[in-house]
1. What is the number of the single condition among (1) open to solvent by less than 40 Å² (accessible area, probe 1.4 Å); (2) out of contact with any His (no Cβ under 8 Å at 6 or more places or on another chain) that residue 77 does not meet?
2. Picking from 13, 27, which residue would you name as being at pLDDT 95 or above, farther than 17 Å from residue 98 by Cα and of a type in the set (Ser, Thr, Tyr)?
3. Residues 14, 8: which one is within 12 Å of the chain's Cα centre (by Cα), part of a helix (DSSP H, G or I) and loosely packed, with under 14 Cβ neighbours inside 10 Å?
4. Within region 27-35, is there a residue that is surrounded by 15 or more Cβ atoms within 10 Å (Cβ to Cβ) and within 17 Å of residue 107 (Cβ to Cβ)?
5. Among the residues of region 17-36, how many are of a type outside the set (Val, Ile, Thr) and within 13 Å of the chain's Cα centre (by Cα)?
6. Looking at region 39-53 only, could you name the residues that are within 9 Å of the chain's Cα centre (by Cα) and crowded, with 21+ Cβ neighbours inside 10 Å?
7. Does region 17-32 contain at least one residue that is assigned to a helix (DSSP H, G or I), in contact (Cβ under 8 Å) with a residue 40 or more places away in the chain and more than 23 Å from residue 89 (Cβ to Cβ)?
8. Among the residues of region 80-94, how many are of a type in the set (Ser, Thr, Tyr) and open to solvent by 40 Å² or more (accessible area, probe 1.4 Å)?
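The values are calculated or read from the model by the stated rules, or taken from the named source; none is laboratory data. These numbers were taken from a predicted model, which means no experiment stands behind them. Positions of Cβ are backbone-derived with ideal geometry, glycine not excepted, and every protein chain shown enters the neighbour counts. In case anyone asks, the SASA skips ligands and DNA or RNA and just uses the protein heavy atoms, side chains included. Shrake-Rupley method; radii C 1.70, N 1.55, O 1.52, S 1.80 Å.
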Amino acid sequence: MKKVLLYIPVVLSILVLGAHFLRYGNSIGVFAALLLIALLFVPRPWVARLAQVVLVLGSLEWLRTAYELGHMRALHGQPYGRMLVILGIVTAVTFCSALLFQLKTFKKIYRLEVK
């Protein structure tokens, strides 16, 4: 049960990233997000590293999006504070999801180097 709970933030982060791509009409990004979720069932080291790379890049995408949307809203005199807080939390959760693959449990599942 504990192992399943560790996957929740990872899967949710990837799903939210896929929804972000869907919002902007990027069907390749949506497909890639869904494919990555399916790949999480393959216990190979490269899957864990791929997921980590995608999640870190996803965090950078959230930062970029926060900057662009915040800048646009500020230029139009619209409030942007709450949006920045929300996107900051999404960024943090996405980045922390990448760090979960450094836990002993995930290292064992994906046969990563365990010391």
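1. So the condition that residue 77 fails would be (1).
2. 27
3. Of 14, 8, the one residue that is within 12 Å of the chain's Cα centre (by Cα), part of a helix (DSSP H, G or I) and loosely packed, with under 14 Cβ neighbours inside 10 Å is 8.
4. So far as region 27-35 goes, no, none of its residues is surrounded by 15 or more Cβ atoms within 10 Å (Cβ to Cβ) and within 17 Å of residue 107 (Cβ to Cβ).
5. Qualifying residue count, region 17-36: 10.
6. 51
7. The answer is no; no qualifying residue exists.
8. Matching residues across region 80-94 total 1.
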